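The next block holds one structure in the form of structure tokens; read it before the comments.
What follows draws every value from the coordinates through simple rules; no lab data is involved. What you see is a predicted model; the values in this text were computed from it and never measured. Methodologically, a virtual Cβ is constructed for each residue, glycine included, from the backbone with ideal geometry; neighbour enumeration extends over all protein chains shown.
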Amino acid sequence: MKVLCALLIAAALSGSARAEEGADLGLAQKHFQLGEYLYSKARYQEALKEFEAAKASFHLPALDFNIGQCLLKLGRRQEAVTSLETYLAESPNDPDREQIWRTIAVERKQLLDESRARESRQESTVRDLQLKLQVSPTDSIAASAPPSSKPVYKKAWFWVTVVGAVVVGAAVGLGVGFGTANHGSPSPTVPTGVDATPHL
């Protein structure tokens with residue numbers, strides 16, 4: 001933790017801190033002191049809120065360092081790296097600069113390892129799903145084999161065909177039968193020019 005009580009006052013007096021409209025050094029000190037206390041009690045989430053409130057009241061680069069430390073304790077690596085890099089960009093002469101860069105390097109490596117592990121898990125899940133969706137050779141043979149065949153006389157299309165043939169055959173037989181019955185006794189024809197009207 002960067003000790004800021006004296007730093008805040010010194011920065012305010014020297015003008016090295018960015019004095020923004022509405023900046024309140026006294027309020028920033030209160031938030032910082034409470035944040036420092038909470039950090040010492042391992043209440044990192046609450047400490048983070050206090051350091052962020054101190055930064056909102058009066059901006060000092062050292063607050064970015066403290067915010068980064070809280071974020072590291074909370075396992076929020078990417079945000080922590082960003083805060084620490086912001087701190088180093090604004091405090092290039094920090095005597096602990098090398099150690100802070102080492103911390104950033106370790107956290108970046110951890111982020112990269114986590115990303116690779118996540119990708120590997122996703123690839124493994126995709127492979128598992130693909131394997132589950134694939135059909136085994138015995139399943140594929142069973143799927144391609146025709147269903148067990150029934151005898152022809154047990155199939156519906158067979159009986160439809162038989163009934164249709166019987167009906168057609170009966171109609172043809174009746175037609176032929178009635179046709180030949182009429183040909184056996186031909187109807188009388190009247191020769192042309194003969195009066196066919198009956199006479200009384």
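Calculated FRET efficiency, residue 43 and residue 119, Cβ-Cβ r, R0 30 Å, to nearest 0.05?
On the way: r = 35 Å, r/R0 = 1.15.
Result of the calculation: an efficiency of 0.30.
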Virtual spin-label span in nm between residue 74 and residue 52, 7 Å along Cα→Cβ: 0.6 nm
In which sequence would 94, 24 go, from the one with the fewest C-beta neighbours within 10 Å to the one with the most? 24, 94
Sort 167, 106 so the one with the fewest other Cβ atoms within 10 Å of its own Cβ comes first. 167, 106
Kindly put 121, 77 in sequence by how many other C-beta atoms sit within 10 Å of each C-beta, fewest to most. 121, 77
For residue 166 and residue 110, compute 0.36 nm times the residue count separating them, minus their Cα-Cα distance, and round to one decimal in nm. 11.7 nm
